[in-house]
Number of protein chains: 2
Amino acid sequence: MYDLTVELRPGREKCLYEQIYEYIRQEIREGKLRPGERLPSTRSLAEYLQISRSTASLAYDQLLAEGYIASQPYRGYYVCRMEELYRLDTGEESVAGEVEPGGARVPCVVDFSPTATDMSRFPFSVWRKINKNILSQGGGSLFVQGDAQGEYSLRETISRYLHSSRGVNCTPQQIIVGAGNDYLLLLLEKILGRHVRIAMENPTYKRAYQIFGSFAYEITTVDMDESGMTVSGLRQSDATAAYVMPSHQYPTGVLMPIGRRLELLKWANEAPGRYLIEDDYDSEFRYKGKPIPSLQASDTQGRVIYIGTFSKSIAPAIRVSYMVLPQDLLERYRQQCYFYSATVSRIDQKVLEEFIGEGYFERYLNKMRKCYKEKHDLLLEGLADFEADFRVTGENAGLHLLLTGRRGQTEDELIATALAQGVRVYGLSDSLVGKAEEQPGRTVLLGYGGLGLEDIKNGLALLRQAWL
Amino acid sequence: MYDLTVELRPGREKCLYEQIYEYIRQEIREGKLRPGERLPSTRSLAEYLQISRSTASLAYDQLLAEGYIASQPYRGYYVCRMEELYRLDTGEESVAGEVEPGGARVPCVVDFSPTATDMSRFPFSVWRKINKNILSQGGGSLFVQGDAQGEYSLRETISRYLHSSRGVNCTPQQIIVGAGNDYLLLLLEKILGRHVRIAMENPTYKRAYQIFGSFAYEITTVDMDESGMTVSGLRQSDATAAYVMPSHQYPTGVLMPIGRRLELLKWANEAPGRYLIEDDYDSEFRYKGKPIPSLQASDTQGRVIYIGTFSKSIAPAIRVSYMVLPQDLLERYRQQCYFYSATVSRIDQKVLEEFIGEGYFERYLNKMRKCYKEKHDLLLEGLADFEADFRVTGENAGLHLLLTGRRGQTEDELIATALAQGVRVYGLSDSLVGKAEEQPGRTVLLGYGGLGLEDIKNGLALLRQAWL
């Protein structure tokens, strides 16, 4: 095993874990640590360098996240092979091979990931300060078991936030706080029961599709038009519930107009036991026009189950989502699910409550809206050159745009030619959940949330070389 | 609405929320705040007193937890009626009535709750310090989405802890970290599939029974003897899985001997697809003899699903549990459930990792084992006087004892006569999940985890008056 003799300089401008991370990264880049080579365990590294294990872990985590190292079952941490670092992740090796037969692969320089977010402006010091205050103020009472639905005061805060920003009409009693959307959907399964036939758009948010698939739900895909899920398709589907993202459909970016929303609500009101599941996952980020109220805001009959998350608007690691239940489902939850205990610690809930309640969340959202708008505008401007060859859609909201080739290039070709220039773009067909209308796909997604302005300019220049 | 003019003295020995809590409690006790009276919302209280909303919430939470106030749907916080505060919670009003017909109810002075734990010795300052270090050291990398199974380094730490303290044989790869046992059971349902016939002891841990009931599982109860679940009963039940607590059955306290464990493992090995779910919920607290290894430790064929939690051993608000999957189920998890994202924030995982990794957890456990043993011994000694009239069982481990009357008193009578002296004890039949062998029940539970030594002495004296 390699001997990692990092010269640590405590008290320098960089913290210890960063020094270790940079040292190892440099060793890998320079080939001193070779592909396949095993790294010491975090424990032995910690002992060797006389640091805490969590410092060692943080350094490894960073390297893992960036793909320099990998962890292997039963064996520990290994240095990645360089091909693995820059591997094309479409599952179709041949595509990349066709473009550059036998040639050296180009490292990915700009990654237009549609799921990445920008954490660089997060008010870490505020978060730390609140954390510290809550912990020093709370004492023992914070460590006892809390309300199964989530702390009442946090639910009050969320209901006010949802009302003012999303037009959602609900009481704190209707809100269930849970550790992520996936958990809330698991709980919803127990509330709705097993005999659900659920309609989804196609393409749609793949994880929700996978989760419904792991339930005993029958899934039916319904055609979309430029207003979102078609109600004629929904009627034909015989579904009892529909999963929709009316404010910003993923991945197409379609905004459902009020007319279609009212048609959907009418459908839901026509038979007992019909529900609309509204996933309002990134409604905070809209750049043009007024904010669009939620579908729930138009619901007068209690047919909408509203789900939202702080993982997108605050940070992916904040595992806090919320679900707003209509009254009849709230009764069922109380009868059938009261014994499921809370999944978010009281401390985390209190920190979040204060972060929102004291106005930090609003300020952060405004800052991020501005930050993402700047990236969005830069990308959109730059794509003007592509106008002759590509159609751009999905603008005005969210963290990605869609490009559809006008010259018959397939999605796979677009991905491969971009990657040959060191740019990663993503295929729309990743989000397809049934048969596609058009095969092969011709649309790619360009996410900008996680990129800096320079990266975007750089990426655009490379894409020009690749595609124009 | 009442005007809560609390004279706050910042910087005094008591923190703000405690001052508010004590002020309101005093006002209620003195009748200045009357039953049914509405309290200001946390928001308006915060504005009025110029404090943060979380401080106001903490004060209300404490009052809620202690039963001075209640929150009502759509209306806010109210002062409880005194009868409500001290209400007999058996659902059979007549029992209490028979004992003291028309008489004034006696407040509950000592509550032998079997689920209460003692947080007074928790090293809050250490927890705060670790939290602070992690947050200041981690920066942005802590806020990105983590591994779905939980941070690898935390799983390493847990696997070492489980191996050394519980004899569990597993790799970090086999561990799934989740936000509480309930969530892990929801995930397990997706791994095991829906066609499970599960055997449970009777009485058993009620919440697990309720959760399995909310799945489509068929539940079958199997007879117990002094070694726990009988294997003849299990064979007759046609079950495909059995839920057991071999180290300390709840609520009976039975420790399953090695012979019975091997019989259970033999049963599991006799047909494919059979599993034993081992809930090792409070194995940390054993006062006599050597620590008992887990059932998983004896499993050579991968038939045991091991579940444990930090909610009992650290604090109820720490929503972190872990599940160890045998290899075949791990494969199924990876194929069928890989899309379920992590439910515990990375920050919380890192704090926990350091708390365990730096030895604080071990020290705390040792301290608590000593603390609980002292309470256990005091209660057991005091119960010597009851020997002629009661049989005491369930000693040597856990946080409660069982008393069975020898003179034919029913459980309901014991609860009511104790409450007439201001002592709350709990019926064994609360944990019955099918038909009881003996009706009516004659056994009560006395939990001591949450009581101080003086409370225990006081409670014993009152029980002597009630029962001897």
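Observations
- Among beta bridges that DSSP assigns inside chain A, antiparallel share in %, nearest 5: 60
- When the inverse distances between all different Cα atoms of the stretch B:215-310 are averaged and flipped, the Kirkwood radius reads 13.7 angstrom.
- MRE, 222 nm, helices only [DSSP H, n ≥ 4, -39500 (n - 2.57), over chain A, to nearest 500]: -12500 deg cm²/dmol
- Neighbour net charge for A:Ile356 - beta-carbon separation under 10 angstrom, K R +1, D E -1: -2
- Distance between the stretch B:390-431 and the stretch B:302-320 - C-alpha centres, whole angstrom: 27
- Each residue of the stretch B:207-216 was assigned a 3J(HN,Hα) from its phi angle through the Karplus expression (A = 6.51, B = -1.76, C = 1.60, θ = phi - 60°), giving 5, 4, 4, 5, 5, 4, x, 7, 7, 8 Hz with x at Gly and Pro.
- In this calculation the C-beta distance from B:Ser232 to B:Gln327 is compared with R0 = 35 Å, giving a FRET efficiency of 0.75.
- Computed over the stretch B:304-344, relative contact order equals 35 percent, with contacts defined as Cα pairs under 8 Å that lie 6+ residues apart.
- Overall Cα dimensions of the protein assembly as shown - principal axes, largest extent first, Å: 94, 65, 61
- Percent of alpha-carbon pairs separated by more than 21 Å within the stretch B:322-468: 60
- About its Cα centre, the protein assembly as shown has a charge dipole of approximately 1280 debye under the convention of +1 per Lys or Arg Cβ and -1 per Asp or Glu Cβ, with nothing else charged.
- Highest-first arrangement of B:188-199, B:151-162, where packing means the average Cβ count within 10 Å: B:151-162, B:188-199
- With a 10 Å cut-off around each Cβ of A:42-51, the average count of Cβ atoms from other chains is 1.
- Mean per-residue shielding of peptide B:146-155 is 3, counting Cβ atoms of other chains within 10 Å of each Cβ.
- R0 of 41 Å, Cβ-Cβ distance B:Val392-A:Lys132: FRET efficiency to nearest 0.05: 0.35
- Label spacing, shortest first and in nm, from A:Asn269 to its equivalents in the remaining copies (7 angstrom along Cα→Cβ): 6.5
- Packing order of peptides A:299-307, B:376-384, highest average first: A:299-307, B:376-384 (average count of other Cβ atoms within 10 Å over each peptide's residues).
- Solvent-accessible area per residue in the stretch B:383-434 equals 34 Å², computed with a 1.4 angstrom probe and all protein chains kept.
- Computed in the context of the full set of protein chains, the accessible area of chain B at 1.4 Å probe radius has 48% of its extent on carbon or sulfur.
- Maximal additional length on extending the B:Ala461-B:Gln301 stretch stands at 52.5 nm, based on 0.36 nm per residue less the C-alpha distance.
- Here is how far apart the B:Lys129 label points are across copies: 2.5 nm, shortest first, using a point 7 Å from Cα toward Cβ.
- Inter-copy label distances at A:Asp328 (7 Å, Cα→Cβ; nm, one decimal): 4.3
- DSSP beta bridges fully contained in the protein assembly as shown are about 60 percent antiparallel.
- Note on chain A: dipole from Cβ charges, positive end direction compared against A:Val254, A:Val344, A:Thr220; the farthest Cα belongs to A:Val344.
- Its relative contact order, with pairs defined as Cα atoms under 8 Å and 6+ residues apart, puts chain A at 19 percent.
- Total charge dipole magnitude, chain A, about the Cα centre, Cβ charges on Lys, Arg, Asp, Glu only, Debye to nearest 20: 1200
- Calculated FRET efficiency, A:Glu454 to A:Asp377, Cβ-Cβ distance, R0 = 22 Å: about 0.90 to the nearest 0.05.
- Convex hull projection area averaged over all views, the stretch A:278-347, Cα basis, nm²: 6.2
- With the highest mean first, a sort of the peptides A:347-357, B:232-242 on other beta-carbon atoms found within 10 angstrom per residue produces A:347-357, B:232-242.
The values are calculated or read from the model by the stated rules, or taken from the named source; none is laboratory data. Being a predicted model, the structure only gives us computed values, none of them experimental. Positions of Cβ are generated from backbone atoms using ideal geometry, with glycine treated the same way; all protein chains shown enter the neighbour counts. Accessible surface is based on the protein model in full, side chains and every heavy atom, while ligands, DNA and RNA are left aside. Shrake-Rupley method; radii C 1.70, N 1.55, O 1.52, S 1.80 Å.
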